[in-house]
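**Student:** I'd like to ask some things about the structure below.
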Amino acid sequence: MKLFVLIVAVFLLFYFVPFDSEIVQQSILNGFKMLNEYARQHVLLCLVPAFFIAGTISVMLKKDAILKFLGPDAKRIISYPLAAISGAILAVCSCTILPIFGGIYKKGAGIGPATTFLFAGPAINIAAIFLTARVLGWNLGIARMVATITASILIGLVMEAIYKGKGSGGFVQTTEASTSNGKAFVFFVLQLFFLVLSGLKIDQTIKNAGLGVLGISVLGMAFFGFERKETKSWIAETWDFAKKISPYLFVGVFLAGIITKLLPQNVVILLLGKNNVVSTFFASVIGAVMYFATLTEVPIVQALTQLGMAKGPTLALLMAGNSLSLPSMIVITRLLGKKKAFTYFGLVILFSTLFGMIYGLLA
């Protein structure tokens, strides 16, 4: 439904807004060109392995222990770091973070760890981090991960300092696979090595040999190392991730190609072209109100950087963009109440701006 609305909105934009026909034609062609480049460079060896990893995390790695340590009685030194990295462990994305957040908060999690998890979860999704690094550069990919984890902990600590309230009730439980943690971890690591190796710039013969060995090992474990129902669940969950995310990603890539032709470069440079407070703050606000389907923020940000967006605003947009959107703000307000929710929104914009400025000065 969301994808349909997005396509209709694009159609209406071209229908009612008076663009020059030649510019429109060039923009559409550029959209297809960028889509073709993404399909060739990032789908087979980046997105597909990432989807399989997400399926592995979702089906085979046990989650109850993680969620347990986000509870109100957990020690801060454990709960906050775990909340900050659990998005990668739990394979949450922007479409699933809200119900999981609502579940752990209402079932007893402290507001600090819960909001830490809410902010960091989608942004350190494995697919998002690797796509950011592959497309926008490893410096930005690592900066995004480090800044998000740090900011999420700070946001949680501030929320806890202001609001002492906790959720009520017991703790949420999840359905888990019957496989052992050790075997599942080896399976996960093999796939992660495949994903990392696919992005390295090394001798092609060595790279292909390594990918072949890792690929055969993963397939061997999938079909001979697990029960048949677990393998089927893994494949089904991988396919579910792919069909939920891929259409939005491809539409986002196509729109990014159009944006690079239609959006005036001088407007981007004026609003987002400097590593100062105004540009970085403006990028944080744009990220907070816009809706980015999972991974679509990467091609859109790439298009804006090509038009002159500075490095500081780039990181700020990536940080705020995954955490908030107008639809998610409505849901978060209903879960937390207006006072807590708007405090959280302000902290997201504040810390996204702050870390964006730091990155802009250092990069």
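**Student:** Residues of region 297-323 being hydrophobic (A, V, I, L, M, F, W, C) and part of a helix (DSSP H, G or I), which ones?
**Tutor:** Hits for region 297-323 are Val298, Ile300, Val301, Ala303, Leu304, Leu315, Ala316, Leu317, Leu318, Met319, Ala320.
**Student:** Considering region 165-185 alone, what residues qualify as being surrounded by 13 or more Cβ atoms within 10 Å (Cβ to Cβ) and at pLDDT 75 or above?
**Tutor:** The answer is Lys183, Ala184, Phe185.
**Student:** Residues in region 219-239 that are in contact (Cβ under 8 Å) with a residue 40 or more places away in the chain and either more than 16 Å from Ser58 (Cβ to Cβ) or of a type outside the set (A, V, I, L, M, F, W, C) (or both): how many?
**Tutor:** 6
**Student:** Also, quick follow-up: Mind listing just one residue for me: the one in region 121-140 that is under 8 Å from the mean Cα position of the chain (by Cα) and aliphatic (A, V, I, L, M) and, of those, nearest to Leu44 (Cα to Cα)?
**Tutor:** Ranking the candidates gives Ala127 first.
**Student:** Out of (1) assigned to a helix (DSSP H, G or I); (2) under 16 Å from the mean Cα position of the chain (by Cα), what's the single condition that is false for Ala283?
**Tutor:** The single condition Ala283 does not satisfy is (2).
**Student:** From Leu295, Leu307, Leu350, Leu270, which residue is crowded, with 24+ Cβ neighbours inside 10 Å and not small (Gly, Ala, Ser)?
**Tutor:** Going through Leu295, Leu307, Leu350, Leu270 in turn, just one is crowded, with 24+ Cβ neighbours inside 10 Å and not small (Gly, Ala, Ser): Leu295.
**Student:** While we're looking at this one, here's another question. Under 7 Å by Cβ, and 6 or more places apart or on different chains, what pairs join a residue from region 145-157 that is under 18 Å from Tyr359 (Cα atoms) and of a type in the set (Phe, Trp, Tyr) with one that is modelled with pLDDT under 95 and surrounded by fewer than 22 Cβ atoms within 10 Å (Cβ to Cβ)?
**Tutor:** If the second residue must be modelled with pLDDT under 95 and surrounded by fewer than 22 Cβ atoms within 10 Å (Cβ to Cβ), no pairs are left.
**Student:** Just wondering, is there one or more residues in region 114-134 that are among the hydroxyl-bearing types (Ser, Thr, Tyr), at pLDDT below 75 and within 21 Å of Tyr248 (Cβ to Cβ)? Working first, answer last.
**Tutor:** In the first step, residues of region 114-134 are kept if they are among the hydroxyl-bearing types (Ser, Thr, Tyr); the result is 115-116, 132.
Adding the requirement that they be at pLDDT below 75 leaves none.
No: region 114-134 contains no residue that is among the hydroxyl-bearing types (Ser, Thr, Tyr), at pLDDT below 75 and within 21 Å of Tyr248 (Cβ to Cβ).
**Student:** Restricting attention to region 264-275, does a residue exist that is touching a helix residue (DSSP H, G or I) at 6+ places or on another chain (Cβ under 6 Å), at pLDDT 90 or above and either among the aromatic types (Phe, Trp, Tyr) or in a helix (DSSP H, G or I) (or both)?
**Tutor:** Within region 264-275 (the criterion being touching a helix residue (DSSP H, G or I) at 6+ places or on another chain (Cβ under 6 Å), at pLDDT 90 or above and either among the aromatic types (Phe, Trp, Tyr) or in a helix (DSSP H, G or I) (or both)), the answer is yes, since at least one residue qualifies.
**Student:** Here's a follow-up. Answer yes if at least one residue in region 319-328 is surrounded by fewer than 24 Cβ atoms within 10 Å (Cβ to Cβ) and among the hydrophobic types (A, V, I, L, M, F, W, C), and no otherwise.
**Tutor:** yes
**Student:** Quick one: count up the residues across region 306-324 that are out of contact with any Lys or Arg (no Cβ under 9 Å at 6 or more places or on another chain) and without any contact (Cβ under 8 Å) to a residue 60 or more places away in the chain.
**Tutor:** Within region 306-324, residues that are out of contact with any Lys or Arg (no Cβ under 9 Å at 6 or more places or on another chain) and without any contact (Cβ under 8 Å) to a residue 60 or more places away in the chain number 9.
The values are calculated or read from the model by the stated rules, or taken from the named source; none is laboratory data. Here the structure is a predicted model, which is why all the values come from computation and not from measurement. Using ideal geometry, Cβ is built from the backbone for each residue, glycine included, and neighbour counts are taken over all protein chains shown.
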